[in-house]
Amino acid sequence: MKLADLDIIVTAPPAPGWGGRYWILVKLTTDDGIVGWGECYASSVGPEAMRAVIEDIYARHMAGENPENIEKMFRRAYSSGFTQRPDLTVMGAFSGLEIACWDILGKARNRPVWALLGGLMNDRIRAYTYLYPQPEHDMTDFWTSPEMAAESASAMLAKGYTAVKFDPAGPYTLRGGHMPAMSDISQSVAFCKAIRTAVGDRADLLFGTHGQFTTAGAIRLGQALEPFSPLWFEEPVPPDAVEEMAKVARSVRIPVATGERLTTKAEFAAVLRAGAATILQPALGRAGGIWEMKKVAAMAEVHNAQMAPHLYAGPIEWAANIHLAASIPNLLMAETIETPFHDALIKSSIQVENGFITPPQAPGLGIDVDEDLARAHPYTGSGLHLEMREEPCDYVNGNAFEGGAPAPKP
């Protein structure tokens, strides 16, 4: 069995675009006709440039190779360009292709991917969700309304979720770490108070940030949130500032989580060595793929740290996350995004039921991809999957982060 063909589909979820402006789906086919699906969660260059990177990685390092040889193909992609260091774009391309190889291997052996990763450790995976506007909410007002956030949390609790994530702490800016405005701290406290009042001890609060604070600013904010006992404080400082993140972890009585923007065991190892986080959040379509994150899970286990796979993409990366989650002992939970488009793209083949996910029993990733639907929604915009804003923190009028919903770009 050899890899014989690659196809790439860039599909755009309908507005408001939960999961990003577009999803880069890859379809590998073997010389004996087995099809595998993967997803590249990479936003460092535009989708057409990323298409060229994916094609290059496949042609140089994977075409004609037995899909079983994942370790060899990883080492080629990681090292051959005289790099041998984490490269976000290269690893983002390889990650989606690697996921597709696992889908092929499972189908070739008529077994789910988790069975090839050491077997089933978790037959029920705790899911968490971001807090999104409910139908009755105003889309603009929602992001700065503790009351609406509490209503959304109550709705998620009613669906069975036991953990909800929100990030009211101000701008996601390319300028690096900043000191939060006092209004950002007050708003964050108000969100935590309202949501904690709504859910009591029936759900965990997951406080999201996006690396936007200085070390001192993150400590000020984190200490203000301690009375509400969030389960985690996510990426409080920029992801490349590992030692600074460790200072936050030592100063705030909330577990620090990180990993959405990290790639390969090399970057995750630095986090663990520094004591910068005790919860790792790899995005499997960016971090190096399933096998590489199985290694990271083992490293985390030695450090008594847990895994919580991240999702801000489509359902194929989600499926990969679920198979990793099913196979590891140190799983905390897995992020999920429930939209009609996510569900339709994989024909409801994996679902959240009462706040938990049952790992699929079908071969490979266990998903049935609606290829026609993916092709019927091509991406025609000019923005990246996610983008950071140029404007600095507004210390006069307050700030808002629209929950990852990408506003239309002219």
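The values are calculated or read from the model by the stated rules, or taken from the named source; none is laboratory data. In this text, all values refer to a predicted model and were calculated from it rather than measured experimentally. Glycine gets a Cβ as well: all are built from the backbone with ideal geometry, and neighbour counts include every protein chain shown. With ligands, DNA and RNA removed, areas are computed over all heavy atoms of the protein, side chains included. Shrake-Rupley method; radii C 1.70, N 1.55, O 1.52, S 1.80 Å.
Please determine, by comparing only the residues of the stretch 196-213 that are out of contact with any Asp or Glu (no Cβ under 8 Å at 6 or more places or on another chain) and closer than 21 Å to L280 by Cα, which one is most open to solvent (accessible area, probe 1.4 Å).
D204
Of everything in the stretch 9-46 that's small (G, A, S) and part of a strand (DSSP E or B), which residue is surrounded by the fewest Cβ atoms within 10 Å (Cβ to Cβ)? Before you say what the answer is, go through the steps one by one.
Taking the stretch 9-46 as the starting set, the residues that turn out to be small (G, A, S) are 12, 15, 17, 19-20, 33, 36, 38, 42-44, 46.
Retained after the next criterion (residues that are part of a strand (DSSP E or B)): 36, 38.
Working: G36: 25, G38: 30.
It comes out as G36.
Between a first residue in the stretch 59-87 that is part of a helix (DSSP H, G or I) and a second residue that is loosely packed, with under 13 Cβ neighbours inside 10 Å, which pairs have beta carbons less than 7 Å apart while being 6 or more apart in sequence or on different chains?
Y78/Q84
Residues of the stretch 265-291 being part of a helix (DSSP H, G or I), in contact with an Asp or Glu (Cβ under 8 Å, 6 or more places away or on another chain) and not small (G, A, S), which ones?
K265, I290, W291
Please tell me if R273 is surrounded by fewer than 23 Cβ atoms within 10 Å (Cβ to Cβ) and without any contact (Cβ under 8 Å) to a residue 12 or more places away in the chain. Give the derivation first.
Numbers: surrounded by fewer than 23 Cβ atoms within 10 Å (Cβ to Cβ): yes; without any contact (Cβ under 8 Å) to a residue 12 or more places away in the chain: yes.
Yes: the conditions hold for R273.
Looking only at the stretch 115-141, which residues are hydrophobic (A, V, I, L, M, F, W, C) and at pLDDT 95 or above?
Scanning the stretch 115-141 gives A115, L116, L117, L120, M121, I125, A127, L131.
Only residues that are in a loop (DSSP other than H, G, I, E, B), modelled with pLDDT of 95 or more and more than 22 Å from the chain's Cα centre (by Cα): list them for the stretch 152-183, please.
If the condition is that a residue be in a loop (DSSP other than H, G, I, E, B), modelled with pLDDT of 95 or more and more than 22 Å from the chain's Cα centre (by Cα), then M179, P180, A181 are the ones that fit.
Within the stretch 242-259, identify whether any single residue is on the phi > 0 side of the Ramachandran plot and in contact with a Pro (Cβ under 7 Å, 6 or more places away or on another chain), and answer yes or no.
In the first step, residues of the stretch 242-259 are kept if they are on the phi > 0 side of the Ramachandran plot; the result is 259.
This time we only want the ones that are in contact with a Pro (Cβ under 7 Å, 6 or more places away or on another chain), so: 259.
Yes, that holds for at least one residue.
Yes/no per residue for (1) under 22 Å from K265 (Cβ atoms); (2) part of a loop (DSSP other than H, G, I, E, B):
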{"position": "G96", "(1), (2)": "yes, no"}
{"position": "A100", "(1), (2)": "yes, no"}
{"position": "L105", "(1), (2)": "yes, no"}
{"position": "A108", "(1), (2)": "no, no"}
{"position": "A115", "(1), (2)": "no, no"}
{"position": "L120", "(1), (2)": "no, yes"}
{"position": "D123", "(1), (2)": "no, yes"}
{"position": "Y128", "(1), (2)": "no, no"}
{"position": "P133", "(1), (2)": "no, yes"}
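Conditions: (1) closer than 24 Å to Q351 by Cβ; (2) open to solvent by less than 20 Å² (accessible area, probe 1.4 Å); (3) part of a helix (DSSP H, G or I). A149 meets all but one. Number of the miss?
The single condition A149 does not satisfy is (1).
Just checking, which of A266, A216 is under 30 Å from F74 (Cβ atoms), open to solvent by 30 Å² or more (accessible area, probe 1.4 Å) and touching a residue at least 12 places away in the same chain (Cβ under 8 Å)?
Step by step, each of A266, A216 is checked, and only A266 is under 30 Å from F74 (Cβ atoms), open to solvent by 30 Å² or more (accessible area, probe 1.4 Å) and touching a residue at least 12 places away in the same chain (Cβ under 8 Å).
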